[in-house]
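Q: Got a structure for you, questions after.
The values are calculated or read from the model by the stated rules, or taken from the named source; none is laboratory data. In this text, all values refer to a predicted model and were calculated from it rather than measured experimentally. Quick reminder, even Gly has a Cβ in these numbers, built from the backbone with ideal geometry, and neighbours come from all protein chains shown. Protein only, heavy atoms only, side chains kept; ligands, DNA and RNA dropped before computing areas. Shrake-Rupley method; radii C 1.70, N 1.55, O 1.52, S 1.80 Å.
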Amino acid sequence: MSNTLPKIAWIGLGIMGSPMSENLIKAGYQVTGFTLEQDKLDRLAAAGGTAAASIAEAVKDADVVITMVPASPHVEAISYGPDGILENAKSGALLIDMSSITPQTSVDLAKAAKDKGIRVLDAPVSGGEAGAIEAVLSIMVGGEQADFDTAKPILEALGKTIVLCGPHGSGQTVKAANQLIVAVNIQACAEAVVFLEKSGVDLQAALDVLNGGLAGSTVLTRKKDNFLNRDFKPGFRIDLHHKDMGIVTDAARNVGAALPVGAVVAQLVASLRAQGDGGLDHSALLRAVERLSGAQV
Ligand code: NAD
């Protein structure tokens with residue numbers, strides 16, 4: 001029987017894109033992918049997808065193009081120009097950008113794509129690498145209702161909570177708020193960890209009981225072992241959270257919202273990065289608190 005599901009092109013097979021595209025393959029979709037690393041293309045092929053040699057080759061027959069790259073400049077690089085998605089995808093295709101970027105980049109992309117007959121949704125995600133592997137991501141979407149309805153069955157293979165938040169850029173605005181909450185939460189957990197250890201309390205026991213009360217959080221559940229084992233393999237890199245704190249502080253300034261605690265945590269993330277820890281998981285905010293508390297880490 002022929003496959004009647006929409007044909008998918010996937011651009012950006014990193015920490016998130018690889019497991020997400022594999023979940024689409026498991027759900028029965030034909031996925032053709034392109035990314036910069038050969039080993040990730042080999043991984044896609046081994047999972048049952050098709051590796052393409054360029055963006056143009058990946059998107060030319062696709063009904064739906066999904067992108068998952070680091071930041072706004074990467075989204076612009078893969079979307080625009082003679083080799084980009086807008087020039088090479090079919091008219092009528094749906095472009096779902098799942099990267100976390102500035103809301104304005106998403107608005108501009110939707111406008112530019114409309115001229116080419118390509119529909120766009122911004123659909124950034126929360127839930128981390130584990131959420132991507134387990135297909136339980138939260139997906140915050142901006143764009144038109146009809147395009148959301150088309151995308152919904154595909155997004156349901158990737159996540160559990162899928163919400164249309166408003167017009168183009170709204171998904172990115174909600175994601176920026178998400179990153180604010182996550183960074184502040186990690187910082188509070190990191191401060192608690194250093195306080196508890198210096199007080200001589202059994203850290204494992206303390207974190208277990210804290211996670212059962214009002215102080216509990218998905219951050220604590222997902223990052224507890226990182227704190228306990230000082231395991232900062234990413235996960236979600238400090239470099240990316242630095243980018244996201246820039247997005248949220250800038251967007252908040254534009255609308256006149258004050259983020260006093262967020263601004264301090266943005267500086268702590270920037271400082272950690274400046275000390276050479278940008279490639280570590282964001283739970284490495286613990287290292288910043290340890291240094292402030294006199295440890296040589
Ligand atoms: P990553 O660095 O692991 O992967 C990015 C991928 O984009 C790489 O494979 C790279 O080859 C590809 N890429 C970059 N430029 C390209 C180009 N010109 N053409 C083709 N491919 C290109 O990043 P990630 O952790 O997977 O994050 C991707 C996005 O998802 C980011 O916006 C990030 O903020 C967001 N995000 C990440 C997490 C997480 O836990 N890692 C969680 C939620 C959201």
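Q: Going by Cα centres, the range 258-292 and the range 69-131 are how many Å apart?
A: Their Cα centres are 29 Å away from one another.
Q: Sticking with this structure for a sec: At a probe radius of 1.4 Å, what is the per-residue accessible area of residue 50, in Å² to the nearest 10?
A: Result for residue 50: roughly 80 Å² accessible.
Q: A further question follows. Given Cβ point charges of +1 (Lys, Arg) and -1 (Asp, Glu) and nothing else, what value in debye, to the nearest 20, does the dipole of the range 143-214 about its Cα centre take?
A: Values: 4 positive and 8 negative charges, 16 e Å.
The dipole of the range 143-214 has a size of about 80 debye.
Q: Sum -39500 (n - 2.57) across every DSSP H segment of at least 4 residues in the chain, then divide by the residue count to get the 222 nm mean residue ellipticity, nearest 500. Walk me through the intermediate numbers first.
A: Values: 14 runs with 155 residues, N = 297.
Taking each H run of at least 4 residues, the total per residue is -16000 deg cm²/dmol.
Q: Which residues in the range 111-139 place their backbone N less than 18 Å from a point set 7 Å from the Cα of residue 156 along the Cα-to-Cβ direction?
A: Within reach of a label on residue 156, which here means backbone N under 18 Å from a point 7 Å along Cα→Cβ, the range 111-139 contributes 135-139.
Q: If you restrict to DSSP beta bridges whose two residues both lie in the range 87-169, what percentage is antiparallel, to the nearest 5? Let's see the in-between values first.
A: Values: 3 of 13 bridges.
Within the range 87-169, antiparallel bridges account for around 25 percent of the total.
Q: What's the FRET efficiency of residue 114 with residue 275 using the Cβ-Cβ distance as r and R₀ = 41 Å, to the nearest 0.05? Please report the intermediate quantities before stating the final value.
A: On the way: r = 44 Å, r/R0 = 1.07.
Efficiency, from the Cβ-Cβ distance: 0.40.
Q: Could I ask something else about it? Work out the length of the dipole vector of the range 173-292 about its Cα centre, built from +1 on the beta-carbon of each Lys and Arg and -1 on the beta-carbon of each Asp and Glu, and round it to the nearest 20 debye. Spell out each step's value before the answer.
A: On the way: 13 positive and 12 negative charges, 52 e Å.
Dipole size: approximately 260 debye.
Q: Identify, among 272, 27, 50, the residue whose Cα sits farthest towards the positive end of the charge dipole of the chain, taking +1 on the Cβ of Lys and Arg and -1 on the Cβ of Asp and Glu, with the dipole about the Cα centre.
A: 272
Q: While we're here: I'd like to compare 116-124, 24-32: which one has the highest average count of other Cβ atoms within 10 Å, and what's the full order after that?
A: Values: 116-124: 23.4, 24-32: 18.4.
Per-residue mean Cβ counts within 10 Å order the peptides as 116-124, 24-32.
Q: A follow-up question, please. About the Cα centre of the chain, what is the dipole size in debye to 20, counting +1 per Lys and Arg Cβ and -1 per Asp and Glu Cβ, all else neutral? Walk me through the numbers on the way to the answer.
A: Numbers: 25 positive and 32 negative charges, 56 e Å.
Result for the chain is approximately 260 debye, rounded to the nearest 20.
Q: Taking H as built 1.01 Å from N, whose amide H comes closer than 5 Å to the amide H of residue 50, not counting residues under 5 places away?
A: Correct list: 31, 32, 33.
Q: Now for a different question. Using a Förster distance of 25 Å, how high is the FRET efficiency between residue 218 and residue 50, based on the Cβ-Cβ distance and rounded to 0.05? Walk me through the numbers on the way to the answer.
A: Values: r = 35 Å, r/R0 = 1.38.
For R0 = 25 Å, the calculated efficiency reads 0.10.
Q: Using a 1.4 angstrom probe and counting only protein chains, how large is the accessible area of residue 236 in Å², to 10?
A: My reading of the accessible area for residue 236 is about 40 Å².
Q: Whats the longest run of the chain with zero GluC sites (Glu not before Pro) that are DSSP loop and have at most 13 other Cβ atoms within 10 Å? Please report the intermediate quantities before stating the final value.
A: Details: sites that count: 37, 156.
Formally, the longest exposed-site-free interval is 157-297.
Q: Continuing with this model, one more query. Probe radius 1.4 Å, ligands and nucleic acids left out: which of 147, 231 has the largest accessible area, and how do the rest follow?
A: Details: 147 15, 231 70 Å².
The most accessible residue leads, giving 231, 147.
Q: Using the beta-carbon distance between residue 209 and residue 26 and R0 = 41 Å, what value does 1/(1 + (r/R0)^6) give for FRET efficiency, to the nearest 0.05? Intermediate results must be reported in sequence, preceding the final value.
A: On the way: r = 37 Å, r/R0 = 0.91.
Once rounded, the FRET efficiency stands at 0.65.
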